[in-house]
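Notes follow the structure.
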Amino acid sequence: MKSKQLVLLFLAAVVLGGGGMLVLRSRQDDYRKSATEMGAKVLGNVDISAIAGIRFKQGTNAVSVVRNGDAWTVRERGDFPANFGDVSEFVRKVADLKVVQPQRVGASRLALLELTPDKGTLVELLGADGKVLKSLLLGSKHLKSGGAAESQFGGGAFPDGRYVMVGSDLSTVAVVAEPLANANPKPEDWIAKEYVKVEPPVSIEVMHLEATNSFTLSRTNELGDWVLVGAKPGEDLDKNKVSQFGSLLSSPAIDDVKLNPDLKALGLDTPVQATIRTASGFTYKFRIGKGEGEESVPVQVSIDAEFQKERVAGKDEKPEDKAKLDKDFKEHLTKQAEKLKSEQAFAKWTVVMKKWSLDSLLKKRSELMADKAAAAPKPEGAPGLNPLDAIKAAIPGAN
């Protein structure tokens, strides 16, 4: 190769390398500018639509909340649905973070501000390819004093922001006006808490391991009184005790999801089984295990349904009314089918629920009965004390 060509190649390398350095420096300068100017966005311009995941890291803990089609899911919980409201709010807040106060700190102060990998929380915004689009290290919360006027009423310091750092550049440390309190690397904090929603039931069958504790309740409609199926002589239901079955699991919430559950350890090999049927045709089958403590229990569910396919027209129904009623019936049927499909997805997960929300299904047969001693009428002719005689008996020497 001629010396002239070598010189040209060398010059080209210098130009390209210099261009690359300029781009890198430009990006770094953008970050520095963002973190050193009051009111500037910490992460610069963020295209929210390009964000397909969020990863939280703190020490050895890590959580990935990712977009899966039209939904967001928590990877560490078997792609269980994430709380969309929490995710969207967090993305918006991170993208809009603005510098309230730039900070000049030395490396020795980073641990104090919790801006180190072992103490801080690393937030990574991911693209559809899984690559990091933007990242931010969250440190300790910035506290603001409530002042003397508030202190006398029990007020004190409260978080009004947070220390952050972009990358590992000390010149990008700043205080932002958002504490980002929910930026936790805990999967249970990001899952959607909503579970199946049971419409008012008309039949409830509960099977305990001990057959004598099992029971079946039934009623003719959603507003009717409960009847104990196969009631034995002397078994009288306490209406107050069974009234709670009418709104059973109408809006339940879950605490967490168990991956690869050990059925024996969780008591799901010999569970309490409950079959609930609704007037609209849904059938829910719950399996309730034993909790790890007194407050929670593991739960599994399977769901099926048989819907009324055709509407029965009224005897004197007018044509114009029929068209509207038929339309309403079809719309309702579509919604019920969507509800069934959505809730059947829960069958593949074992969830953890508060025990108190399932207390009714965990009751024994005998615990539903009226207290005979309290309900027993006073025998006629039983001796009693006249009020006047009672007063006299309480006063010594009174006749």
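Each value in this text was obtained by applying a stated rule to the coordinates, not by laboratory testing. Note that the structure is a prediction, hence the values are computed from the model and not measured. FYI the Cβ positions are ideal-geometry reconstructions off the backbone, even for glycines, and counts take in every protein chain you see.
Observations, loosely collected:
- Annotation: amide H of residue 126 within the under-5 Å range of 52, 53, 54, 55, 133, sequence separation 5 or more or interchain, hydrogens built in the peptide plane.
- Across 98/131; 315/339; 41/144; 141/258; 285/335, pairs whose alpha-carbon gap is larger than 29 Å: 315/339; 141/258
- Protection proxy ranking, peptides 266-274, 178-186, average beta carbon neighbours within 10 Å, highest first: 266-274, 178-186
- You can think of it this way: the chain between residue 62 and residue 100 has 10.8 nm of extra reach, that is 0.36 nm per residue less the Cα-Cα gap.
- Ordering 210-222, 89-101 by mean Cβ neighbour count within 10 Å, with the highest value first, yields 89-101, 210-222.
- Fewest-first ranking of 226, 356, using other Cβ atoms within 10 Å as the exposure measure: 356, 226
- Gain on full stretching of the segment that runs from residue 265 to residue 168 - 0.36 nm per residue minus C-alpha separation: 30.4 nm
- Label zone at residue 143, where the point sits 7 Å out along the Cα-to-Cβ direction: the range 100-122 residues whose backbone N lies under 19 Å: 109-116, 119-121
- Net lengthening on full extension, residue 348/residue 317 (0.36 nm per residue, minus Cα-Cα): 6.7 nm
- Global geometry of the range 190-279, whether rounded, prolate or oblate, following the gyration tensor of its Cα atoms and the 1.5 cut on a/c: oblate
- Whole-Hz ³J(HN,Hα) from phi, Karplus 6.51 cos²θ - 1.76 cosθ + 1.60, for the range 38-47, glycine and proline x: 4, x, 6, 6, 4, 9, x, 7, 10, 7
- Highest mean first, the peptides 243-252, 161-170 sorted by other C-beta atoms within 10 Å per residue fall in the order 161-170, 243-252.
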